[in-house]
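Okay, structure first, notes after.
The values are calculated or read from the model by the stated rules, or taken from the named source; none is laboratory data. As the structure is a computational prediction, the values presented were derived from the model and not from experiment. FYI the Cβ positions are ideal-geometry reconstructions off the backbone, even for glycines, and counts take in every protein chain you see.
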Amino acid sequence: MFKRIAAASLALAATGLASLLLIGGPAEAGTLSGSFYADPNSKVKQWLAANPNDSRAALIAARIGSQPQGKWFAYYSPSTVQADVSAYVSAANAAGKIPLLIPYMVPNRDCGGASAGGAPTYTAYRTWAQSFANGLGSQTVVVMLEPDSLALQTCLSASEKAERNSALSFAISAMKSRNPNAKVYLDAGHSAWNSAGETASRLSAAGVSNSAGFYTNLSNFRWTADEINFGRNVLNALGNSALHQVIDVSRNGRGPLGSEWCDPSGRGTGVAATTATNESTVDAFVWAKPPGEADGCAAAAGTFVPDLAYQLALNGIGPTSSPTTSPTSSPSPSASVSPSPSVTPSNPVGACTVSYRIDSQWHNGFTATVTLTKSAPAVTGWTLTFGFTGNQQITNAWNAQVTQSGTQVTARDVGWNGTVGTASFGFQATYAGTNAVPGGFRLNGIACS
């Protein structure tokens, strides 16, 4: 299932090696709360267990292996699907986490593309979907039902579309009947594919009113801010305030590469999966597409490719592990859009320089990169302090241990990057009003230019 494009594009994502410190507490949004389940038998963890001495392993483990990701049910096994689903859901329940399941079995899926397959008939699909539903237990589960089933319909006749819609509606009802706590979301493509009005029409025809809402950006690379805006437009077109959106952020940390959807280069992982989105219409940011699993160009669709995972991790913007939280403030929402130019604080004093760049910014949040350079002799073990001039509040950071008290920020190395030379780290933050450039940079007490 690796997004086709009708008027649009798709791409990959991942994150780089670092230490994550989340400053702030849980801020719930939408209708979900809690943390997602990390499958101990995921393909990335299987590869890591088999290749502990690979030079890429530490980075992949920190950026991808540590994160909860979606569990795909993409192989037609009608005799075992109920037991397979039940085992996964039961393991998540025992861990006190939310399982994220992605059933991918609709007939003629992907219109015969890189992820072709599915159940042989719609009668067989209904039987399979009922068995899938029977394994969902009774606690909260999130189901992202049948990727591409609604956004990609170019190969279907009118009667085939009607048959698919009926089958999807049946699957929703079966899952809700067996587990009233199941949150089932339908496919809405992404912000650069079908229009909001067309998407709403397709969702309605497939029974979205009986579901929790829809998901976007699955296996794609669109900026989170674009997906939020698109989702709002779809919701407005649907006119149903009870519905919400889920967004796949697993590979959107660097946004899309034009219209390329199949294993594009230079993409990066996104922010950590969370139900604390700070967006009333968005129930969760999730890692549905496991970073490193091919779209069908670098290898057969779904194959774990360590080079893909490594590049996504290297280019990623965010987490290294499931975040820990403190009870004081709330994390900011999403990965983002328009980059701002690099800014270097003026007038050098001392033997260090600092550059500060806003990488992306949206209506109430942003990500930024700080690069510090120390002229010879290099220091081993560094602490950088600086002050915001506005009301910015850091919510998480990577490649540094970061704390904030009022407007004052303290960033410390994480060991592997302790010798400067040159080092850089990044963070995500909220703001209101003007997002002014911070000042007063000091490295180990030395004023920096």
### Task
Taking the residues in segment 306-324 that are surrounded by 19 or more Cβ atoms within 10 Å (Cβ to Cβ) and assigned to a loop (DSSP other than H, G, I, E, B) as candidates, determine which candidate is modelled with the highest pLDDT.
316
### Where residue 214 falls short, out of the listed (1) in contact (Cβ under 8 Å) with a residue 40 or more places away in the chain; (2) of a type in the set (A, V, I, L, M, F, W, C); (3) not in a helix (DSSP H, G or I)
(1)
### Message
Just to be sure I understand the filter: pairs with C-beta atoms under 8 Å, separated by 6 or more residues or on different chains, first member in segment 52-70 and in contact (Cβ under 8 Å) with a residue 12 or more places away in the chain and crowded, with 19+ Cβ neighbours inside 10 Å, second member among the basic types (Lys, Arg) and assigned to a helix (DSSP H, G or I). Which pairs pass?
### Response
65/45
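Results for (1) crowded, with 24+ Cβ neighbours inside 10 Å; (2) more than 18 Å from residue 69 (Cα to Cα), shown as yes or no for each residue.
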residue	(1), (2)
203	yes, yes
207	no, yes
218	yes, no
230	yes, yes
237	no, yes
245	yes, no
262	no, yes
271	yes, no
281	no, yes
